[in-house]
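Since the structure comes first, as structure tokens, the remarks are kept for the end.
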Amino acid sequence: MRFNDHCFTKAFDPSLHVLADCIATTQSARHEQRVFCEVRYEHSLSLPVIIRALGTKRVASTREGNMVRVETQSGDGYAVFFTLRRHNARRADLFVVSAYPLKKGKRPADTGEMKFDLALAKILRGEKAKFPNRR
């Protein structure tokens, strides 16, 4: 399990930040300017527990191909976007691309859902986790 810096940073906004606020990003392929976000950081501390508890919980696929699980923390939505890649027949690599609190009433655009353990089993067999259409 690995985590991208998007789990504890947010996009640089010149109206709110100065360039000195920017942090060096190590995993972002886009070379974005990012700043530390205390809110995202506080939420990110629960990511290992959320990921370990995925088991039979339902996940969806985004249009970008990431999987997403929306958890509720004290009534608010928290979206966790991740990828699963087959390492070998017994192991998959999970990479948390981003995670952040959702604005009230917002959900990420996604497809239908399937249980995480089914998606994982398909990936371990070398299959693509094809998600059903949303009803």
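For the stretch 38-135, what % of the accessible area comes from carbon and sulfur atoms, probe 1.4 Å?
49
Residue by residue through the stretch 103-108, which ³J(HN,Hα) values in whole Hz follow from phi under the Karplus form 6.51 cos²θ - 1.76 cosθ + 1.60 (θ = phi - 60°), with glycine and proline marked x?
In residue order, the calculated couplings are 5, 3, x, 9, 9, x Hz.
Through the Karplus equation 6.51 cos²θ - 1.76 cosθ + 1.60, θ set to phi - 60°, convert the phi angles of the stretch 83-100 into ³J(HN,Hα) values in whole Hz; use x for Gly and Pro.
Using θ = phi - 60°, the values come out as 10, 10, 10, 5, 8, 7, 5, 10, 9, 10, 9, 9, 10, 7, 6, 7, 7, 7 Hz.
So, for the chain, what is the accessible surface per residue at a probe of 1.4 Å, expressed in square angstrom? If you can, show how the numbers build up before the last one.
Numbers: 8680 Å² over 135 residues.
That works out to 64 Å² per residue.
With θ set to phi - 60°, apply the Karplus curve 6.51 cos²θ - 1.76 cosθ + 1.60 along the stretch 42-51 and write out the HN-Hα couplings as whole Hz, x wherever there is a Gly or Pro.
Once rounded to whole Hz, the list reads 4, 5, 5, 4, 8, 4, x, 5, 4, 5.
Given the Cα-Cα distance of Val49 and Lys103 and 0.36 nm per residue of separation, how much length would full extension add, in nm? Mind dumping the intermediate values first?
Numbers: separation 54, 0.36 × 54 = 19.44 nm, distance 2.22 nm.
17.2 nm is the gain from fully extending Val49 to Lys103.
What are the residues whose amide H is under 5 Å from the amide H of Lys57, where those residues sit 5 or more places off or on another chain and H is modelled from the backbone?
Hits under the 5 Å cutoff: Phe116, Asp117.
So what is the relative contact order for the chain, in percent, with contacts set as C-alpha pairs under 8 Å and at least six apart?
Computed over the chain, the figure is 25 percent.
Among bridges DSSP assigns within the chain, what percent are antiparallel (round to 5)?
So the antiparallel bridges amount to about 95 percent of the total.
What residues qualify as long-range amide H neighbours of Phe131, i.e. H under 5 Å apart, gap of 5 or more or another chain, H built at 1.01 Å from N?
Residues meeting the criterion, in which the H sits 1.01 Å from N, do not exist here.
What are the radius of gyration and Dmax of the chain, computed over its Cα atoms and given in Å?
For the chain, the Cα radius of gyration and maximum Cα-Cα distance read 15.8, 49 Å.
The values are calculated or read from the model by the stated rules, or taken from the named source; none is laboratory data. This structure is a prediction, so every number in the text was calculated from the model and none was measured. These area figures cover heavy atoms from the full protein model, side chains too; ligands, DNA and RNA do not enter into them. Shrake-Rupley method; radii C 1.70, N 1.55, O 1.52, S 1.80 Å.
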